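Novice: Below is a structure I'd like to ask you about.
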Amino acid sequence: MPGAINHPLFARFYTVLARLAEPAGTAEHRQELLAGMEGRAVEVGSGAGTNFVHYPTTVTEVIAVEPESYLRDRSRAAAVGAPVPVSVKDGSAADLPIEDGWADVVVFSLVLCSVADPATALAEARRVLRPGGQLRFYEHVRAASPERARLQDRVDRVWPYFAGGCHCNRDTPRAIVAGGFDIEHLRRFDLRLGWAVAPVAPHVIGTAVPRPR
Ligand SMILES: C[S@@+](CC[C@H](N)C(=O)[O-])C[C@H]1O[C@@H](n2cnc3c(N)ncnc32)[C@H](O)[C@@H]1O
């Protein structure tokens, strides 16, 4: 299938890492990401479905899109225990299997680091959002400090080979603005899970709305 992703080793490693990181801070971040959401949501690149238990019951339906087959199976298993109805589809951020204007909210959670082209993914998010809809994002990002960002640039020469195509140095808030969104809220923080993942310590959680065309 076009857009299929095949990272069998990383998918298994990430499934374990995502579970272990929950009590170390990510559970709180995922709750913050999804707090107060209502209506129909699209979650792009749902991975092992780690967000699903955190959706508030004011969300009526989630369509999760996951291109990697192992992770898609994990998402389907996680959907069974979710507090809201979740269906999981094969597909890519570059070509979401969702009709125009379907979603009240589109969620990117640790995904804009990994898609081949963030601009295309953001254009797709705009397409599937209804007028007045909202983007929610939780992403590791390029460091604000120039010294740390330079270090990320060096590490990024090899990082994607070990991290399923993830880039540690992307300026995702800038990409969101360039993609036609106005950022409503942005919180920057460091998530410190150990030296091995230090290049992806700088994180953001935020919301954005499509800028009128
Ligand atoms: C680091 S994992 C994050 C998973 C999950 N969203 C989370 O919060 O734990 C990155 C995810 O992005 C997905 N991904 C990579 N390229 C993608 C694409 N083009 N379209 C959709 N998802 C993609 C991967 O398969 C993987 O599930």
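Each value in this text was obtained by applying a stated rule to the coordinates, not by laboratory testing. Predicted, not measured: the structure shown is a model, and the values here were computed from it. Virtual Cβ from ideal backbone geometry, glycine too; neighbours counted across all protein chains shown.
Novice: Residue farthest toward the positive end of the dipole of segment 8-210, with Cβ of Lys/Arg at +1 and Asp/Glu at -1: which of V65, Y138, G36?
Specialist: The Cα lying farthest towards the positive end belongs to Y138.
Novice: Fewest Cβ neighbours within 10 Å first, please rank I183, I98 accordingly.
Specialist: The fewest-first ordering by Cβ neighbours comes to I183, I98.
Novice: A follow-up question, please. Rounded to a whole number, what is D in µm²/s for the chain from Stokes-Einstein with the Kirkwood radius over alpha-carbon pairs (37 °C, 0.692 mPa s)?
Specialist: 192
Novice: Moving to a separate point now. Quick one: work out the % antiparallel among DSSP beta bridges in the chain, nearest 5.
Specialist: If I count the DSSP bridges inside the chain, around 45 percent turn out antiparallel.
Novice: At a Förster distance of 30 Å, what's the computed FRET efficiency of E61 paired with R174, Cβ-Cβ distance as r, to 0.05?
Specialist: Once rounded, the FRET efficiency stands at 0.45.
Novice: Of A103, P85, W195, which is farthest towards the positive pole of segment 8-210's charge dipole, taken about the Cα centre with +1 and -1 on the beta-carbons of Lys, Arg and Asp, Glu respectively?
Specialist: Toward the positive end, the furthest listed residue is W195.
Novice: Let me ask something else about it. Kindly give Rg over Rh for segment 5-84, based on alpha-carbon atoms, with the Kirkwood expression for the hydrodynamic radius.
Specialist: In segment 5-84, Rg relative to Rh is 0.96.
Novice: Using the 10 angstrom Cβ neighbour count as an exposure proxy, how do F181, F162 rank, fewest first?
Specialist: Sorted ascending by nearby Cβ count, the order is F162, F181.
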